[in-house]
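Participant: Have a look at the structure that comes next, please.
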Amino acid sequence: MAKDAARTNPFIAALAGAVFAAGALLTPAAAQEATHAAPFDVETLAEGFDHPWNIAFLPDGAMLVTELPGRLRVVRGGEVEPEPVAGVPEVYYAGQGGLFDVLLDPDFAQNRVIYLSFAHGTPEANNTRVVRATFDGKALSNVETIFDASPQKDTPVHYGGRMTLKGDGTLLVTVGDGFDYREDAQRLSNHLGTVVRINRDGTVPKDNPFVNDNDALPEIYTYGHRNQQALLYDAASDRVYEQEHGPRGGDEVNVLEPGKNYGWPVITGGVDYSGAQISPYEEYPGMEQPWVEWTPSIAPAGMALYRGDMFKDWDGDLLVTSLVEMSLRRIDIEDGVPKAQEVYLAPQQTRLRDVAVASDGAILVLTDEKEGKILRLTPAKASGS
């Protein structure tokens, strides 16, 4: 919790722009060492954001960017429009709470529908909420709540709030464990520590794994999660990738399968922030092993699957931003299996919140700071790549 609760971090990386191995990089098979690679050319594409969180690309080439305090901004031609988008619902901005993801409907060009996830409520009773709304380029209208995590909690942390669309058009949403309620991640009677699957109007798909279980909430898709920081669907492999913070150690990337239990807090590679043991188990029958694990923790944040022409050798690989390591990582995927990782430190030496791939193949990174930026990464010209 402490790693992500602070708005700033006093740690400054010693080798800005360098590539380095940051402790053990664990997969279910073996440790992987970071390898050297050509550096990036880094330019500032847009700036002046207050803790930017997530980015979505509009069909006309503009971008939507969420700011944690509760604003939705439009970026056109590298300029941030001076007025935020009107009509955004009020968010609960405290601790780790605020405005999280923005996602375009698959039929956005026709219906102008977007989805927003955010923390909602009061200090005594708050949760993760998802709304859908119509966006006319300046304002939101027809704002409708389609999901409210249950129950509400009294902690301003571990919300999840990441969203992705599966190939079948259903919406997946992460819901964190609320930190003080980690045991609930093993209980199907609540949404804490789960990934939920809903239709885009908020109804429950008939083929959800627990839809016929009277003791389970029907929206639950997977459970046993901690604080999920990224979620994406890869159409080429029909895989759903999810990424979450461990405590001190045990950060994970998982490949999600419906109905599966991903173990938290019964199995973990980490220990509590006090140093106390959380569980004696790193494996347990009926619980899934992480696809990739980081111990010590790097505090992974955003994640993107690279598809593009600028970095041809990276096609199908995962890109991961980090808050504590302040890095951009690449996980090399070969035949569906994670291999070596490359670790890059961007030269601005700050927490990196999210990563996305632009239509031209450039990598966009959001910096997590009061004067946040969108950085555009391209292959370094000096490297000849």
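Participant: Search the range 177-188 for residues that are within 15 Å of G97 (Cβ to Cβ) and pair each with any residue that is in a helix (DSSP H, G or I) and not hydrophobic (A, V, I, L, M, F, W, C) when their beta-carbon atoms are under 9 Å apart and the residues are at least 6 apart or on different chains.
Facilitator: D177/E183; D177/D184; G178/D184
Participant: Does the range 327-341 include one or more residues that are surrounded by 17 or more Cβ atoms within 10 Å (Cβ to Cβ), among the aliphatic types (A, V, I, L, M) and within 20 Å of R248 (Cβ to Cβ)?
Facilitator: No: the range 327-341 contains no residue that is surrounded by 17 or more Cβ atoms within 10 Å (Cβ to Cβ), among the aliphatic types (A, V, I, L, M) and within 20 Å of R248 (Cβ to Cβ).
Participant: Residues to consider are E325, E257; find the one that is modelled with pLDDT under 95, at negative phi, within 19 Å of the chain's Cα centre (by Cα) and of a type outside the set (A, V, I, L, M, F, W, C).
Facilitator: Exactly one residue qualifies, and that residue is E325.
Table: residues versus (1) in contact (Cβ under 8 Å) with a residue 40 or more places away in the chain; (2) in a strand (DSSP E or B).
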residue	(1), (2)
G263	no, no
Y273	yes, no
G286	no, no
V320	yes, yes
K339	yes, yes
E342	yes, yes
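Participant: Select from the range 72-103 the residues that are surrounded by fewer than 19 Cβ atoms within 10 Å (Cβ to Cβ) and farther than 23 Å from Q152 by Cα and list them in ascending order. If you could, list the steps in order and put the result at the bottom.
Facilitator: Residues of the range 72-103 surrounded by fewer than 19 Cβ atoms within 10 Å (Cβ to Cβ): 76-84, 86-87, 89-90, 93-94.
Passing the criteria: R76, G77, G78, E79, V80, E81, P82, E83, P84, A86, G87.
Participant: Can you name the residue in the range 35-56 that is at pLDDT below 95 and assigned to a loop (DSSP other than H, G, I, E, B) and, of all such residues, is surrounded by the fewest Cβ atoms within 10 Å (Cβ to Cβ)?
Facilitator: Selected residue: H36.
Participant: Which ones in the range 184-214 are touching a helix residue (DSSP H, G or I) at 6+ places or on another chain (Cβ under 8 Å) and at positive phi?
Facilitator: The one that is touching a helix residue (DSSP H, G or I) at 6+ places or on another chain (Cβ under 8 Å) and at positive phi: G193.
Participant: Let me ask something else about it. For the condition more than 20 Å from R351 (Cβ to Cβ) and out of contact with any helix residue (DSSP H, G or I) (no Cβ under 7 Å at 6 or more places or on another chain), what is the one hit in E124, E47?
Facilitator: E124
Condition check ((1) in contact with a helix residue (DSSP H, G or I) (Cβ under 6 Å, 6 or more places away or on another chain); (2) polar (S, T, N, Q); (3) crowded, with 22+ Cβ neighbours inside 10 Å) across all residues:
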site	(1), (2), (3)
L231	no, no, yes
R239	no, no, no
Q243	no, yes, yes
V266	no, no, no
A276	no, no, no
P280	no, no, no
M287	no, no, no
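Participant: Which number in (1) touching a residue at least 40 places away in the same chain (Cβ under 8 Å); (2) assigned to a strand (DSSP E or B); (3) surrounded by fewer than 20 Cβ atoms within 10 Å (Cβ to Cβ) marks the one condition that E293 misses?
Facilitator: With respect to (1) touching a residue at least 40 places away in the same chain (Cβ under 8 Å); (2) assigned to a strand (DSSP E or B); (3) surrounded by fewer than 20 Cβ atoms within 10 Å (Cβ to Cβ), E293 is out only on (3).
Participant: Tell me, which residue of the range 167-203 that is of a type in the set (V, I, T) and surrounded by 24 or more Cβ atoms within 10 Å (Cβ to Cβ) is nearest to K153 (Cα to Cα)?
Facilitator: Here the residue is V175.
Participant: Looking for whichever is in contact with an Asp or Glu (Cβ under 8 Å, 6 or more places away or on another chain) and among the charged types (D, E, K, R) here; the options are R187, R200, R182. Which one fits?
Facilitator: The unique qualifying residue is R200.
Participant: For residues in the range 136-166 being without any contact (Cβ under 8 Å) to a residue 60 or more places away in the chain and buried (at least 22 other Cβ atoms within 10 Å of the Cβ), which is farthest from F57 (Cα to Cα)?
Facilitator: Step by step, filter the range 136-166, then rank; the result is K153.
Participant: Continuing with the same structure: Any residue at all in the range 347-370 that's assigned to a strand (DSSP E or B) and modelled with pLDDT under 95?
Facilitator: So far as the range 347-370 goes, no, none of its residues is assigned to a strand (DSSP E or B) and modelled with pLDDT under 95.
Participant: Next question, about the same structure. List pairs: first in the range 113-124 and within 16 Å of Q152 (Cβ to Cβ), second surrounded by 19 or more Cβ atoms within 10 Å (Cβ to Cβ) and among the β-branched types (V, I, T), Cβ under 6 Å, 6+ apart or cross-chain?
Facilitator: Hits for this filter: S117/V130; F118/V91; A119/V91.
The values are calculated or read from the model by the stated rules, or taken from the named source; none is laboratory data. The structure displayed is predicted, hence computed values, not measured ones. Here Cβ is always computed from backbone atoms with ideal geometry, including for glycine, and neighbour counts include all displayed protein chains.
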